[in-house]
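What follows is a short report on a single structure.
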Amino acid sequence: MKTWVRFARSVAHKSLGLVLATMATSATAQDGPVKLGVLTDMSSLYADNGGQGSVVSAQMAVDDFNGKVLGRPIEIVAGDHQNKADVGLTIARRWLENDNVEAILDVPNSAVALAVQGITREKRKLFLATGVATSRLTGDECSPTGIHWTYDTYALSQGTTRAISRLGVKSWFFLSADYSLGAQLEADSRKVIDATGGKVVGAVRHPINTSDFSSFLLQAQASKADVIALADAGGDFINAVKQAGEFGVTRGQKLAGLIVFIADIHSLGLQSAQGLMLSSAFYWDLNDETRAWSKRFIEKTKKVPTMIHAGTYGAVLHYLRAIEAAGTLDGSAVAAKMREMPVNDFMTKNGRIRQDGRLVRDMYLFRVKSLEESKYKFDYYELIATIPGEEAFKPMEEGGCPFLKKP
């Protein structure tokens, strides 16, 4: 009997300790900092486009919001997904389940982003996709707590492919990255080419982070297509353009970049990139507001800001404003408030977030300047056209977002 009593008391003490520990953890979570996780590529082919610059942009938004929301300090944490879906998912799961992270940002890799969209949807936490392209995030993989912020494959391919098609180009060859980004860019571009009377005469897929493009470029050259469309990004895009010039491909064929960042142009140099046409959601030298924000960013990083950096700032600021307006950190409530509120910052004017999570805002078509045309540091683009958001992004009813379907 005494043994049983001692055992019962021991269990009771352990249970009480567990309850107190749980209460302490809960109290810490409720009173501690509001954490936002920047999940990005810190060391590989997308590091210049997102990377540490995205962390700086997120922190700039927090600072401009005065560092607190709902009376609690705001903390930015960062992780390197290494362009591996399993690594990104592991970090995201740890953040959401153990580290009390409320929202995940950036994620410049479509495969990683799709995995993150899945777990944030499951946990009902915010995913602010500021660095990813795949339009599936507002299509078959849409989420009530997912916001696709900066650009997508549809908008980029629409702008660039349609503009080049209007120049009388008839035949195309695709050089695409062999993962979801490349596949989606190519698929969205093919629809535009078909609709404008063009023809795709060939295509080839290359592994991500490729250093030698010779065999792929020789196939593209042999096709005699008017345009070689590069459906890849970051270091892959840079290597493809450089080697195309070295092999003389550009003497007889045009190159079209379907997802191009100003950091890529900076790495290539205007001598290699001049004349390239591209679509973008942002350019630092567009107006006084973009120049003022970009000056602050350049002072902190010594680098020119990309559309991912500008988008990350805008998404964080809008998220914090929505928390304040909703009076809660609940993911579903904050996501609904973000959709309800108009988006206004130096990059986006009167933008709106649709029910499928797509931020609808203007996009821009640019031509890369020549060395002679460039007058000062980072003076790389000439604005060709502004593409209204309603035209730039796929109509919501065509996206196939499951949770929008009526029962």
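The values are calculated or read from the model by the stated rules, or taken from the named source; none is laboratory data. These figures come from a predicted structure and were not determined experimentally. Note: ideal-geometry Cβ built from the backbone for every residue, glycine included; neighbour counts use all protein chains shown.
Could you list, in sequence order, all residues of segment 305-341 that are surrounded by 24 or more Cβ atoms within 10 Å (Cβ to Cβ) and without any contact (Cβ under 8 Å) to a residue 60 or more places away in the chain?
Matches in segment 305-341: His318 only.
I'd like to know if segment 165-188 contains one or more residues that are touching a residue at least 12 places away in the same chain (Cβ under 8 Å), of a type in the set (Phe, Trp, Tyr), within 27 Å of Phe403 (Cα to Cα) and surrounded by fewer than 24 Cβ atoms within 10 Å (Cβ to Cβ).
yes
Go through segment 366-390 residue by residue and tally those that are within 30 Å of Pro144 (Cβ to Cβ) and surrounded by 13 or more Cβ atoms within 10 Å (Cβ to Cβ).
The total comes to 2.
State yes or no: is Ala220 at pLDDT below 95, within 29 Å of the chain's Cα centre (by Cα) and either of a type outside the set (Lys, Arg) or under 22 Å from Val107 (Cα atoms) (or both)?
Values: at pLDDT below 95: no; within 29 Å of the chain's Cα centre (by Cα): yes; either of a type outside the set (Lys, Arg) or under 22 Å from Val107 (Cα atoms) (or both): yes.
It is false that Ala220 is at pLDDT below 95, within 29 Å of the chain's Cα centre (by Cα) and either of a type outside the set (Lys, Arg) or under 22 Å from Val107 (Cα atoms) (or both).
Specify the residue that is surrounded by the most Cβ atoms within 10 Å (Cβ to Cβ); the eligible residues are those in segment 392-407 that are in a helix (DSSP H, G or I) and touching a helix residue (DSSP H, G or I) at 6+ places or on another chain (Cβ under 8 Å). Reasoning before the result, please.
Quick first cut of segment 392-407, residues in a helix (DSSP H, G or I) only: 392, 396-398, 402-404.
Next, only the ones that are touching a helix residue (DSSP H, G or I) at 6+ places or on another chain (Cβ under 8 Å) stay: 392, 396, 404.
Numbers: Ala392: 23, Met396: 18, Leu404: 15.
It comes out as Ala392.
With segment 207-296 as the region, which strands (runs of 3 or more DSSP E) entirely inside it contain at least 2 residues that are farther than 15 Å from Trp172 by Cα?
277-280
Can you say whether Val249 is touching a helix residue (DSSP H, G or I) at 6+ places or on another chain (Cβ under 7 Å), in the same structural domain as Asp188 (by TED's automatic domain parsing) and within 20 Å of Ser279 (Cα to Cα), as far as the supplied structure shows? It would help to see each step written out before you state the result.
Details: touching a helix residue (DSSP H, G or I) at 6+ places or on another chain (Cβ under 7 Å): yes; in the same structural domain as Asp188 (by TED's automatic domain parsing): yes; within 20 Å of Ser279 (Cα to Cα): no.
In short, no.
Suppose we keep only residues that are at pLDDT below 95 and out of contact with any His (no Cβ under 9 Å at 6 or more places or on another chain) within segment 109-121. Which one would you say is nearest to Asp152 (Cα to Cα)?
Filtering segment 109-121 for residues that are at pLDDT below 95 and out of contact with any His (no Cβ under 9 Å at 6 or more places or on another chain), the one nearest to Asp152 (Cα to Cα) comes out as Ser110.
Quick check: is even one residue across segment 223-237 free of Cβ contacts under 8 Å to residues at least 40 places away in the same chain and surrounded by fewer than 20 Cβ atoms within 10 Å (Cβ to Cβ)?
no
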